[in-house]
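Below: the structure, in C-alpha cells.
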Amino acid sequence: QLAADGEDRVWAGYWTATPLQYAAGDRITVATAVGVRRFPEAQAVVERAPRSVYVGSDLDGTAAAFRTALDRRHVPYRARRFAFLTVFDRLPPTADPRSLGL
C-alpha cells in the first residue's frame, strides 16, 4: 500500500522496520525512528527525504507512541490501520523523529 501511495520513505520502530524493509525490497526505504539503528544508509536516505510517513505496530507499542508524539506536538496527520499496523501520513516535512521527541 505504501508503494502504491507513492510513499517511499518510511519511519518505523526497529521490530517493524526490519521485516517491512525485507518485504518491500527496493520499493521503499525504511529507517528506524525508535530502537536500534543498524542501517546508516537507510537512515540517511529517510532523514534527507522532504516527506515521510510513520508505520507503527500494535505489537511493539509504536503505533501508540507515534500517535502520542504527533498529538503532543499538534502535528496534523492521517492515520490508516492495516491489521495491526497504523500508517501515519500527510505529515509536514518537520515531523522527523527528533522534533517529535522519539
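Sequence-distant contacts, meaning Cα pairs under 8 Å at least 6 residues apart, place the relative contact order of the chain at 25 percent. What FRET efficiency do you get for residue 38 and residue 74 if R0 is 41 Å and r is their Cβ-Cβ distance, rounded to the nearest 0.05? E between residue 38 and residue 74, to the nearest 0.05, is 0.80. Taking trypsin sites (Lys or Arg not before Pro) across region 1-87, the ones in a DSSP loop with at most 14 further Cβ atoms lying within 10 angstrom of their Cβ are 27, 37, 38, 51, 73. Remark: accessible surface ordering of 14, 22, 54, 77 (largest first) is 22, 77, 14, 54, probe radius 1.4 Å. Placing unit charges on each Cβ (+1 for Lys and Arg, -1 for Asp and Glu) gives the chain a dipole about its Cα centre, and among 13, 74, 56 the Cα reaching farthest toward its positive end belongs to 74. The heavy atoms of residue 5 offer some 60 square angstrom of accessible surface to a 1.4 angstrom probe. Averaged per residue, the chain has 58 square angstrom of accessible surface, using a 1.4 angstrom probe with ligands and nucleic acids left out. Using a ≥ b ≥ c from the Cα gyration tensor of the chain (square roots of the eigenvalues), is it rounded, prolate or oblate, where a/c under 1.5 gives rounded and otherwise the larger of a/b and b/c decides, a/b for prolate? Rounded shape, in that the Cα axes give a/c under 1.5. The accessible surface of the chain, taken with every protein chain in place and a 1.4 Å probe, is 55 percent carbon and sulfur.
The values are calculated or read from the model by the stated rules, or taken from the named source; none is laboratory data. All of these numbers come straight from a predicted model, not from anything done at the bench. Cβ coordinates were reconstructed from backbone atoms using ideal geometry, including for glycine residues, and neighbour counts include every protein chain displayed. Remember, those area values only see protein heavy atoms, side chains included, never the ligands or the DNA or RNA. Shrake-Rupley method; radii C 1.70, N 1.55, O 1.52, S 1.80 Å.
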